[in-house]
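A short worksheet on the structure shown next.
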Amino acid sequence: AQEGHPRAPEPQPTTKNHHQGEASDPEQTDYTAKPLQQPEASGTPEESQGEKETQVRRSLRGRVPLREWKAYPAKSRSCASGLFIPDSYAAAINCPEATQWKAAIKEEYQSLMENETWSLVECPRGRSPIKSRWTFDIKPGMNGEQRRFKARFVAKGFRQRPGYDFYETYASVVTHDTLRMLTSIIAAENLEAVQMDIKTAFLYGQLAEEIYMVQPEGFIAPGQENKACRLHKCLYGLKQASRVWGEHFTDFIKQQGLNQSVADPCLFSRTNGAEKTFLVIWVDDGIVASTDKQVIDKFLVALGGTFKIRAYPLERFVGITITRDRKRRTIHLGQPDYIEHLVNKFQMTSCFPKSVPV
């Protein structure tokens, strides 16, 4: 190129159109946006018809997001005996068994007051107290005992904020393998065994976090309706309640000379000569087994001096019915109440059993 004249453009390689196979001149290329054009039909009419059939047809209607199945829980439920179990405080005090439920509610509230679970204070600015509710259940009676109406006041812990209202969670629950192993040892070695239950166990745990809760329904202090409950003890429903109680109860058990298992932290044992003692815990329930009945009695006395407990023969543990034959040294575990509950829940009481499933 001569000086003062623009340099001629370098020749560009020709490109072929994907559909037409024609060469395109770069100097005549139009870079403006153009609507896409359908490719010309090629081949026989039968091939063109096959290509049309394979094209996916899209609907022009607005897309609606998929909705999950929604569960509609029953407003009320019943136990295996058919008695009504309310799902709220209002339902409990207005049902036919209101007298029994009111007594259970009063007993629960007295336990909360005796343990100084909370104190009424003004909720700090910027803090929102968590809500609470009453829960109810009917415990079946064993060996001819009457059914026990049980009321529990719980906090709605799902409203707690991690890192502010709680830090760690844990529940002391023995594994089913350990439970079956212990019952096998009890049957094989013919050990003495009892089950025990600690009343309002979570109230023995001291709460470290600052948590505020609304006053319990039915027991709102007159003239102090706007105040909130500043919790001092762990309450059922709190995220950290199980962990705080488990640490407190574990310390007590170790003081009694029992050693915690490495394989299962909810199993404790002690061997002293011919004496063998075992203890498994499921939150606030437990089974104590030993070769010496006096060792069990001594342990229950020490336990009763610190906690409020109930001790029963080993017949029912966390919903599992335990049938023992000491002469044959056998133990049978079953859940007939739970099976009956499932049959009633899915309305299969009128069904007939079949030897071959359909």
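The residue of region 162-181 that is most open to solvent (accessible area, probe 1.4 Å), among those that are aliphatic (A, V, I, L, M) and assigned to a helix (DSSP H, G or I), is M181. Within region 215-235, being touching a Lys or Arg at 6+ places or on another chain (Cβ under 8 Å) and open to solvent by less than 60 Å² (accessible area, probe 1.4 Å) holds for Q215, A221.
Filtering T306, T349, T321 for residues that are open to solvent by less than 100 Å² (accessible area, probe 1.4 Å) and under 17 Å from T183 (Cβ atoms) leaves a single hit, T321. Look at region 102-117: where a residue is in contact (Cβ under 8 Å) with a residue 12 or more places away in the chain and farther than 16 Å from E217 by Cβ and a partner is part of a helix (DSSP H, G or I) and open to solvent by less than 90 Å² (accessible area, probe 1.4 Å), sitting 6+ places away or on another chain with Cβ atoms under 6 Å, you get N115/L203.
Of the residues making up region 203-214, not a single one is in contact with a helix residue (DSSP H, G or I) (Cβ under 9 Å, 6 or more places away or on another chain), open to solvent by 70 Å² or more (accessible area, probe 1.4 Å), of a type in the set (D, E, K, R) and modelled with pLDDT of 90 or more.
The values are calculated or read from the model by the stated rules, or taken from the named source; none is laboratory data. Note that the structure is a prediction, hence the values are computed from the model and not measured. Note: ideal-geometry Cβ built from the backbone for every residue, glycine included; neighbour counts use all protein chains shown. The accessibility values were calculated without ligands, DNA or RNA, using every heavy atom of the protein model including side chains. Shrake-Rupley method; radii C 1.70, N 1.55, O 1.52, S 1.80 Å.
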